[in-house]
Structures are given as C-alpha cells and as structure tokens.
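The values are calculated or read from the model by the stated rules, or taken from the named source; none is laboratory data. Predicted, not measured: the structure shown is a model, and the values here were computed from it. So basically every Cβ, Gly included, is an ideal-geometry build from the backbone, and we count neighbours across all protein chains shown. The accessibility values were calculated without ligands, DNA or RNA, using every heavy atom of the protein model including side chains. Shrake-Rupley method; radii C 1.70, N 1.55, O 1.52, S 1.80 Å.
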Amino acid sequence: MAATVGTGTTAGGDAVQAAGTDLRNVDGPLGVELKKNVKDAWWRAMVHARKDVVGLDSAILQRPEVWKASGHVDGFSDPLVDCRECKARFREDHLDDAVCGNKAFNGRKATKCRDAGFFTEPRQFNLMFETHMGPVKDSASVAYLRPETAQGIFINFTNVTNSSRVKPPFGIAQIGKSFRNEITPGNFIFRTREFEQMEMEYFVPPDEWEKWYAYWRDRRYQWYVDLGMRKEKLRIRDHESDELAHYANACVDVEYEFPFGWSELEGIASRTDFDLKQHEEHSGKEMKFFDDQSKSHYHPYVIEPAAGVDRATLAFLVDAYEEEQLEKEKRTVLHLHPRLAPVKVAVFPLVKKDGMPERAHAIEDDLRRWTNVFYDESGAVGRRYRRQDEVGTPICVTVDGQTAEDNSVTLRDRDSMEQRRVNLDALEGELRRSLEV
Ligand code: GAP
C-alpha cells in the first residue's frame, strides 16, 4: 500500500536516513494528492461551508515568550528513560509496544528490561525543536519551531477581531506544519517529528462553552463518517481528569481502530480562557473581545478541534483498503471517498489504433481543466482497471470503436465494477455528479 499510494517512504515504521534527514514523512506523487484532498475536505467543512469561521496562516518560528505563555517551555515534555543494558531510549509512558534495542535479546519487550531494573530514573525531555533567529547564536536569539498551530491563532486573536467582522461564537482555522522531537516516532506516519495539523479555535461566550463543546465533538466525528470512514472503526473517548492537558477543563478524542490498536485521530478540547489570558499577561496587551451590545469587554472561552493531517490520511487509507475475492481472482481496491481519491478519472483508449488514443487524449485534456486525470494506454484494459482500483480512482472512461460512431464512451465504476455508456456531451455532468464536486 505504501508503495502504491506513496504517502511515507518507510512501511514498517523504520526511519530512512539520507544525508542526516528523517524521510519518514516524504509523500510520493499520489500520497501528496491524497493529503491535499484531506486538507481541502477539512477546509471546505470548517471554513468555506460556514459563515462563522475564518482562516489564518501564522508563522512557524516563534519567540520563547509565546511558548512560555502557552506553557510549552515548562510543561511540554515526555518522561524519558535510558536502558543501561542496550543503551536505547524509551518514553516511559509508551513502553507497552516498545522492544529492547539489543539485537541479542531478539525483540524482547522493553517492559522486561524495566522489570529487570536496567532503566535509569525518568527525566523530562522537552519536545520542542530549538533554533536561532538572525546571525548571532545566543540566548537572545532563541526561537522554537511550533509544536502546535494553535498558539499562532491565539497570538493573532486581536489582529483577526480588529480586521474582520467576527464576534463570538466564531472560529479561526489553520492548517500547517508542526514539529515535535518525539522520543519514539513510529507506526508508519502515525507519529512523526514533522507533521501537519488542522486546528480551529472556536471562541464562544463563557456561559455557552458546554453547548459548543458537545456541538464540535459531534461535528468532528461526523466529518470522518461523511468521508466514508466505517463507524465501527471509529469511537469517541472522554479524557479522564488525570489525562487533561493543563489548559483544558474537558477533552474527547476521536479514535480509529488501526491494525496496531485504537489510537487518537483528533482531540476536541475545551480550553476555557486559559490561552488568551496567558498571552495577555505575558505580552501586556489586552486580548478581550468588546461586545457592542452589552458594551463590555470579556475573554471568550475556546473549543478546539485539533486534527492531524497525517493520521487522518493513514486512517482513510487503512479504512479504504480491501483485497476483494472475485470469482476468478483477487483484486486490491482502495474504496476512497471520491473527494479524497488522488486521481479522480482515468482515461483509456481500448486499443492504440483507429484514432482511439487521439480521442482519449482530447477527453483527458478537456477533463484536466477541472479535475485530476490519468491517461493510460499500456497493457490490457482489464489490467489498467486493476491499477486504478489499487490507487482508488473512482471512475475510468474508455474510448472504443463505438465512440467514433455515436460519440459515447464507457464509464466504469471502481466499487461496483459496473459499466455504462455515456454520451460525451453529458460526460462532465455525469462525472461531477459521481465525484461529488
Ligand atoms: N493544539 C492541541 C494539540 O496540538 P494534540 O493532541 O497534541 O493537541 C492534535 O495534537 C493532533 O495532532 C493529534 O490528535 C494528532 O492527530 C496530531 N499529532 C500530534 N502529534 C503528532 C505526531 N507526532 N505525529 C503525527 N501527528 C501528530
């Protein structure tokens, strides 16, 4: 699957090191399309389809003051332990799936090393990547790569409220890269050090937070279902009070049952007025909303749906994958929702003669105006269908001998494998309907 769709280069979770770079989250040509479609679907649902949410693109590099205010400098850390025996390092709270780094122990569970007393005392390891801004490398030039996109939204709260006509309840949405120096990245693209987030901070009157928390919990679960994810593989899990982040008074995770177990896709947190108050205190600039009607200033409460692009992509891939037993053969098919499919339409000439390639190219060029098309004339048409099934292309269009006679082509559906003839004059409308664009 990794080779076919090409999101991530390293099936099995081993990092590939090239010139010192962790290539874990390189996307191939099809993977980058899939991820772009996930992000577009999120932006469409969270920004374009709504009157109450605006978008933002804030800076990746931020001064330590931002991360001191947010609590990341003091508290964004994981407990790290070293094994004195094999010299490997582990996250103390993620030991269940970890194995000892010493090949001589042949995949022995890390918990056994712990029980044998090989581990050092845990020490807190801050997950933020540090760098320097400007030519001088000293303590005054320190900056951090953002570990979440959220803080870029909070520090721009006043910019947005002063420049757009928004008033609570309203949201600011952002998609972008985040960076965490994870101790144990793994499970393919599930946990990486460089990843993308899709976050929205929804600012509400303080007495309405419970209503909007319930609303966003339901909406975010439904987003995955609307894009075809199986309900039986999805669940919502409430955080226990000892799991809550320092800024939250309530939080739920949307989880997916991956082959490696139930794991978090997204968190929906009630962040109260923690962040705005913290940034106000640290910057000395008021971060209240002025309510025209009551003529009062107040700090809105915040509900935050925070999703991972890479995790959602992995879940959509896993969920869509099927090895389907047909009468005479097995076919591999990705039942991706049409909006997520990397290639929307494949165009084939039945054979490479009698003007069919020229006609098929003309159709390809015409469709390329508005959608992502793939042209293929190599091999038997059945094999070409299989190749498209494997990458999840919803519709194949085939030009054959009849096309020259009556201007019609064959439309073949990925999931049902049914074929029907459509006149070229109606092709764009038919495809737009099937692809839901
Ligand atoms: N602003 C809140 C926040 O960042 P989080 O639960 O730490 O909350 C939100 O992150 C989402 O970002 C997660 O649910 C997950 O999908 C994604 N994410 C977090 N760390 C990740 C990592 N190391 N690799 C891939 N995705 C990650």
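Sort region 342-427 into rounded, prolate or oblate with this rule: let a ≥ b ≥ c be the square roots of the eigenvalues of the Cα gyration tensor; rounded if a/c is under 1.5, and if a/c is not under 1.5, prolate when a/b is larger than b/c, oblate otherwise.
Working: a/c = 1.38, a/b = 1.27, b/c = 1.09.
Rounded shape, in that the Cα axes give a/c under 1.5.
Provide, in order from the shortest bin, the percent of all Cα-Cα pairs of the chain in each 10 Å bin, continuing until the bin that contains the maximum pair distance.
The calculated distribution, bin by bin, is 4, 17, 25, 23, 17, 10, 4, 0, 0.
Looking at this model, which pairs from LYS233/LYS328; LYS87/LYS109; LYS36/LYS233; LYS35/LYS344; LYS109/LYS233 are more than 21 angstrom apart at the alpha-carbon?
Working: LYS233/LYS328 30 Å; LYS87/LYS109 14 Å; LYS36/LYS233 23 Å; LYS35/LYS344 14 Å; LYS109/LYS233 28 Å.
Correct reply: LYS233/LYS328; LYS36/LYS233; LYS109/LYS233.
If I ignore ligands, DNA and RNA and count only protein heavy atoms, how much of SER139 is accessible to a 1.4 Å probe, in Å² to the nearest 10?
Its heavy atoms expose roughly 110 Å² to the probe.
So, in nm, how far is label ASN181 from label ASN106 when the simple model puts each one 7 Å beyond its Cα toward the Cβ?
If labels sit at ASN181 and ASN106, their model points lie 3.7 nm apart.
Quick check on region 46-180: what does the Kirkwood estimate of hydrodynamic radius come out to from the alpha carbon pairs, in Å? Show your work: numbers first, answer last.
Numbers: mean 1/r = 0.0550 Å⁻¹.
Final number for the Kirkwood radius of region 46-180 is 18.2 Å.
Just the accessible area for GLU232, please: 1.4 Å probe, Å², rounded to the nearest 10?
Its accessible surface works out to 120 Å², give or take rounding.
Roughly how big is the chain's charge dipole about its Cα centre, with Cβ charges of +1 (Lys, Arg) and -1 (Asp, Glu), in debye to the nearest 20? Mind dumping the intermediate values first?
Values: 62 positive and 75 negative charges, 133 e Å.
That gives the chain a dipole magnitude of about 640 debye.
Just want the answer: with Cβ charges of +1 for Lys and Arg and -1 for Asp and Glu, which residue in LEU350, GLY117, GLY75 is farthest toward the dipole's positive end in the chain?
Result: LEU350.
Please find the FRET efficiency linking GLU85 to GLU286, where r is the Cβ-Cβ separation and R0 is fixed at 56 Å, and quote it to the nearest 0.05.
Working: r = 55 Å, r/R0 = 0.99.
My answer for the efficiency is 0.50.
Calculate what fraction, in whole %, of the accessible area of region 343-435 sits on carbon and sulfur atoms when a 1.4 Å probe is rolled over the protein chains. Before the final figure, lay out the partial values.
Details: 2090 of 4390 Å².
The C+S portion of the solvent-accessible surface of region 343-435 is 47 percent.
Give me the percent of the accessible area of region 80-126 that comes from carbon and sulfur atoms, probe 1.4 Å, all protein chains in place. Please list the in-between numbers first.
Numbers: 1440 of 3180 Å².
For region 80-126, the apolar C and S fraction of the accessible surface comes to 45 percent.
Over region 80-126, consider all pairs of different Cα atoms and compute the Kirkwood hydrodynamic radius from their mean reciprocal separation; express it in Å, one decimal.
On the way: mean 1/r = 0.0955 Å⁻¹.
The answer is 10.5 Å.
Using a 1.4 Å probe and ignoring any ligands, DNA or RNA, find the accessible area of GLU210 and quote it in Å² to the nearest 10.
For GLU210, solvent-accessible area is about 120 Å².
Can you show me the helix-derived [θ] at 222 nm for the chain, built from DSSP H runs with n ≥ 4 at -39,500 (n - 2.57) apiece and divided by the number of residues, rounded to the nearest 500.
Values: 14 runs with 131 residues, N = 437.
So the helix-based figure for the chain works out to -8500 deg cm²/dmol.
So how do THR410, THR131 rank on accessible area, 1.4 Å probe, biggest first, that is with the largest at the start?
Working: THR410 15, THR131 45 Å².
Highest to lowest solvent-accessible surface, that is THR131, THR410.
Hey, can you grab everything whose amide H is under 5 Å from the amide H of GLU148? Only 5+ residues off in sequence or another chain; H modelled, so Pro and N-termini drop out.
Residues meeting the criterion, in which the H sits 1.01 Å from N, are PHE179.
For LYS109, LYS328, LYS352, write out the residues from largest to smallest accessible area, computed with a 1.4 angstrom probe and no ligands counted. Could you put the intermediate results ahead of the total?
Values: LYS109 110, LYS328 190, LYS352 135 Å².
In descending accessible area the options line up as LYS328, LYS352, LYS109.
About its Cα centre, what dipole magnitude does region 343-435 give when the only charges are +1 on Lys and Arg Cβ and -1 on Asp and Glu Cβ, stated in debye to the nearest 20? List each step's numbers first, then the result.
Values: 16 positive and 18 negative charges, 61 e Å.
Result for region 343-435 is approximately 300 debye, rounded to the nearest 20.
Could you rank MET133, MET356 by how accessible they are, 1.4 Å probe, largest area first?
Working: MET133 65, MET356 15 Å².
Largest accessible area first, the list is MET133, MET356.
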